[in-house]
Amino acid sequence: MRDKIMEAAEARLRAVGYAAMSFRDVAADVGVKSASVHYHFPTKEDLAESVVERYAARQFAALNAAVAGESSPARRARAMVDLHLGAFAADRRICLCAMLSAESVGLPERVKQAVSVFFDACLLFLQECFAGLEPERAAIRAAGVLAALQGGLLLAAAARDGAHLERAAAAAMALAAGAVI
């Protein structure tokens, strides 16, 4: 039941954000009473924090599986790009953490922290792809790649046109390769 609740909550969070998500809606999506949701997650903050942590674990498990045994920095960075492309292609929605970041002013502190941990892990993964560079240059390149991908997701979702994400992915790969755009 807990997993079904988190799946429904993730779909709601990605579709409408934290402020608009309610236990009642999540319960209806699962086909239970809202008391069942409260049993597993006493507060909305508990639910959202758990959903973000689960999302991050799932994303990084997929990412790590994709790069297992891969030493090429470009192919490792490509795995991050492919993860973003695949996520959008699956349901035409943006990254859960990007959605929550858009309303970070109103998020509870634990949810903000979980989102921050996710993005820090993304940046660290990308910085490790560029380990041959001096640390500051690797950090700049990693931030550029992640910003291109997240921005591309936002554009694609807003315009309902995946071509925006594909162009952003191309820009991200150019940045990963060291191009100045």
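The values are calculated or read from the model by the stated rules, or taken from the named source; none is laboratory data. Quick caveat: nothing in here was measured; it's all calculated off a predicted structure. Every residue, glycine as well, gets a Cβ built from its backbone with ideal geometry; the counts of neighbours run over all protein chains shown. Keep in mind that these areas ignore ligands, DNA and RNA; they rest on the heavy atoms of the full protein, side chains included. Shrake-Rupley method; radii C 1.70, N 1.55, O 1.52, S 1.80 Å.
Quick notes
- Test: Glu109 is over 17 Å from the mean Cα position of the chain (by Cα), free of Cβ contacts under 8 Å to residues at least 40 places away in the same chain and open to solvent by 30 Å² or more (accessible area, probe 1.4 Å): yes
- Positions within segment 114-141 being touching a residue at least 40 places away in the same chain (Cβ under 8 Å), of a type outside the set (Phe, Trp, Tyr), closer than 19 Å to Phe60 by Cβ and open to solvent by less than 90 Å² (accessible area, probe 1.4 Å), in sequence order: Ala114, Val115, Val117, Ala121, Cys122, Leu126, Cys129, Ala131
- Residue list for segment 53-65, restricted to those being over 24 Å from Ser104 (Cα atoms) and open to solvent by 70 Å² or more (accessible area, probe 1.4 Å): Asn64, Ala65
- Answer residue from segment 70-79, given it is at pLDDT below 90 and not charged (D, E, K, R) and is surrounded by the most Cβ atoms within 10 Å (Cβ to Cβ) among those: Pro73
- All told, Leu154 meets the bar of being open to solvent by 10 Å² or more (accessible area, probe 1.4 Å), in contact with a helix residue (DSSP H, G or I) (Cβ under 9 Å, 6 or more places away or on another chain) and closer than 30 Å to Asp46 by Cβ.
- Residue check: Glu103 meets all listed conditions (1) over 19 Å from Ala11 (Cα atoms); (2) touching a residue at least 24 places away in the same chain (Cβ under 8 Å); (3) not aliphatic (A, V, I, L, M) but one, namely (1).
- Output for segment 80-97, where each listed residue is out of contact with any Asp or Glu (no Cβ under 7 Å at 6 or more places or on another chain) and open to solvent by less than 10 Å² (accessible area, probe 1.4 Å): Met80, Val81, Phe88, Cys95, Cys97
- Any hit, segment 79-97, residues being touching a Leu at 6+ places or on another chain (Cβ under 9 Å), at positive phi and among the small types (Gly, Ala, Ser): no
- Scanning segment 63-96 for residues that are touching a residue at least 40 places away in the same chain (Cβ under 8 Å) and closer than 18 Å to Gln127 by Cβ returns Leu63, Pro73, Ala74, Arg76, Ala77, Arg78, Met80, Val81, His84.
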